1. Given the criteria at positive phi, away from chain A (no Cβ under 12 Å) and not β-branched (Val, Ile, Thr), does residue B:272 qualify?
2. Identify the residue in the stretch B:46-77 that is surrounded by 23 or more Cβ atoms within 10 Å (Cβ to Cβ), within 12 Å of chain A (Cβ to nearest Cβ) and closer than 19 Å to residue B:235 by Cα and, among all such residues, is farthest from the chain's Cα centre (by Cα).
3. For the stretch A:196-216, which positions are farther than 19 Å from residue A:97 by Cα and assigned to a helix (DSSP H, G or I)?
4. Hey, residue A:34 hits all of (1) aliphatic (A, V, I, L, M); (2) buried (at least 18 other Cβ atoms within 10 Å of the Cβ); (3) assigned by TED's automatic domain parsing to the domain that holds residue A:128 but one; which does it fall short on?
5. Which one of A:89, A:4, A:34 is among the small types (Gly, Ala, Ser), over 23 Å from residue A:151 (Cα atoms) and more than 23 Å from the chain's Cα centre (by Cα)?
6. What are the residue pairs meeting all of these: first residue in the stretch B:5-18, first residue within 18 Å of residue A:283 (Cα to Cα), second residue buried (at least 18 other Cβ atoms within 10 Å of the Cβ) and of a type in the set (Asp, Glu), Cβ atoms under 8 Å, and 6 or more apart or on different chains?
7. Which ones in the stretch A:266-303 are surrounded by fewer than 20 Cβ atoms within 10 Å (Cβ to Cβ) and of a type in the set (Gly, Ala, Ser)?
Number of protein chains: 2
Amino acid sequence: PDEAALQGAADRNGQLTKPPGALGRLEDLAIWYAGWRGDARPLISAPQVIVFAGNHGVTAQGVSAFPPEVTVQMVMNFEHGGAAINQLAKAAGATMDVHALELDRPTADFTTGPAMTETELVQALRVGWTAVDPNADLLVVGEMGIGNTTPAAAIACALYGGDAADWTGRGTGVDDAGLANKTRVVAEGVTLHADSGDGLDILRCLGGREIAAMAGAIAAARILRIPVVLDGFICSAAAACLANVRSDALDHAVAGHQSAEGAHGAVLAQLGKKPLLDLGLRLGEGSGGALAINILKSAVACHSGMATFAEAGVSDG
Amino acid sequence: PDEAALQGAADRNGQLTKPPGALGRLEDLAIWYAGWRGDARPLISAPQVIVFAGNHGVTAQGVSAFPPEVTVQMVMNFEHGGAAINQLAKAAGATMDVHALELDRPTADFTTGPAMTETELVQALRVGWTAVDPNADLLVVGEMGIGNTTPAAAIACALYGGDAADWTGRGTGVDDAGLANKTRVVAEGVTLHADSGDGLDILRCLGGREIAAMAGAIAAARILRIPVVLDGFICSAAAACLANVRSDALDHAVAGHQSAEGAHGAVLAQLGKKPLLDLGLRLGEGSGGALAINILKSAVACHSGMATFAEAGVSDG
């Protein structure tokens with residue numbers, strides 16, 4: 001972040017026509033945003049939502065309540081404007097792009113070997129990296145991939161330890177037997193790849209193409225100084241792989257919401273991120289991140305649009 | 001609410017391209033909104049924010065960190081577009097109206113007598129009642145009035161019992177001595193008016209013109225079937241006076257946020273309302289309610305804009 005912009009924004013914040021601190025977290029968000037944009041009085045006018053889609057060999061283990069063909073069906077739904085994320089991106093004034101990553105070639109089942117080769121990982125990271133619009137001023141990355149709470153749980157378990165059951169949730173809605181099976185699958189994968197290296201190697205062994213693409217986009221946004229709003233459990237697992245490699249890798253990101261997927265709160269706690277929203281969403285697609293865009297826009301609009309005490313002729317107490 | 005619209009909205013919700021319940025509270029909000037609008041597939045296109053301003057005789061007791069002339073200065077700021085609520089209403093796509101209620105004639109100091117006569121109460125309620133645009137499809141009421149967390153605390157204490165200290169907070173930022181003084185003032189007022197009658201009489205004895213106007217607007221919105229997003233502590237105290245008179249008086253209202261003003265959470269608990277946002281705001285003006293408008297808009301946009309499984313050709317698990 002730009003220290004001069006941070007300081008300029010903090011100074012401006014102290015002069016605005018409100019009691020000190022009365023806008024709560026909106027004040028912190030605006031100053032943080034100003035720092036990353038290098039502008040003490042910024043605007044948000046070009047948010048971008050990107051949805052990445054991928055398929056997962058591990059679905060052969062029966063980990064999802066939905067069949068894998070739903071991934072490509074939902075990509076069509078995104079392209080035709082019919083999904084939740086289409087409505088949420090529009091309500092947030094954001095553009096939306098969809099990238100389907102080789103849906104007819106799922107990753108390998110991570111209970112039998114690495115989900116991806118190094119080449120496949122790099123290709124997926126690059127899709128994410130190049131999907132970010134350099135002119136965007138706020139980024140939300142979302143995903144679609146039947147079965148992908150299973151790799152996300154495996155990543156979290158590999159990164160943070162504990163039992164597979166601590167990190168495995170019901171995803172789109174598996175029953176008790178399904179949850180027990182899913183937990184077994186996560187445990188098997190984490191055990192098989194216990195010798196994997198850093199966060200990127202864990203991402204390769206246990207992740208998926210859309211998860212890697214999200215990581216690539218989040219990393220690119222940092223270089224481009226585009227602040228990021230994280231979505232739910234799967235997005236946070238992707239982000240966590242970056243944070244494992246470099247502890248400050250997510251300083252340009254805020255947590256848009258806390259998902260109802262069981263372990264999301266624990267992942268956010270590991271990342272040191274306090275969610276902006278907690279409305280029981282567990283959809284993915286970038287939905288919780290997109291819903292939080294307006295919070296950021298509102299924070300920055302107050303910061304940059306309000307009059308100072310001097311400008312308004314208001315006594316400052 | 002319209003039972004047919006509620007049922008139609010619930011049926012539609014079950015067919016949308018998402019796992020059941022995956023949009024969490026957004027689903028409940030959309031169905032609730034549909035019921036009040038009598039339309040199973042509604043839109044939100046005309047939200048209205050109204051800010052009422054009033055002055056308070058009780059400021060003579062030194063209950064605020066700001067001088068009373070700030071009320072009229074901030075009304076000028078609202079009219080010139082420089083306040084937080086101007087930016088937040090704009091970010092939410094809402095119109096904004098400001099009504100200043102006899103700022104040069106403060107209410108009486110409620111530690112020496114009733115804040116308002118019956119005539120004054122009715123005049124203030126009427127200002128609120130007539131301020132609501134019948135063509136609005138969502139309403140936020142906010143306020144400005146130096147000293148008005150004191151009457152709000154007194155109203156809450158009179159309605160719900162307990163000690164004055166349970167309901168008295170720091171408002172715009174009084175210090176420890178100021179808080180002790182403010183608590184004494186609240187206790188004196190509640191004791192003096194212990195024989196007041198129902199919620200409307202408590203509003204007359206302990207409230208203020210802008211608080212009564214908020215109550216009038218919330219009541220009018222119910223008749224007009226315009227759903228309401230409640231703002232913070234003072235708005236909730238106004239709403240609580242209505243709920244005391246008629247237990248279902250706030251069924252058309254949701255809590256936009258939980259304020260950082262200490263007792264707001266307790267008032268919301270008494271009203272049975274779970275806030276949509278909890279971002280540490282304590283500004284008033286309608287700021288927290290306005291910030292929540294986009295949540296409602298997004299909920300309704302998903303509900304009414306998403307494709308069904310049949311329309312999108314997506315397998316429903």
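The values are calculated or read from the model by the stated rules, or taken from the named source; none is laboratory data. In this text, all values refer to a predicted model and were calculated from it rather than measured experimentally. Positions of Cβ are backbone-derived with ideal geometry, glycine not excepted, and every protein chain shown enters the neighbour counts.
1. So residue B:272 fits the description; yes.
2. B:64
3. If the condition is that a residue be farther than 19 Å from residue A:97 by Cα and assigned to a helix (DSSP H, G or I), then A:199, A:200, A:201, A:202, A:203, A:204, A:205, A:206 are the ones that fit.
4. All conditions pass for residue A:34, except number (3).
5. Only one candidate qualifies: A:4.
6. Close Cβ pairs (under 8 Å, with a partner that is buried (at least 18 other Cβ atoms within 10 Å of the Cβ) and of a type in the set (Asp, Glu)) amount to B:13/B:27.
7. Result: A:266, A:269, A:272, A:280.
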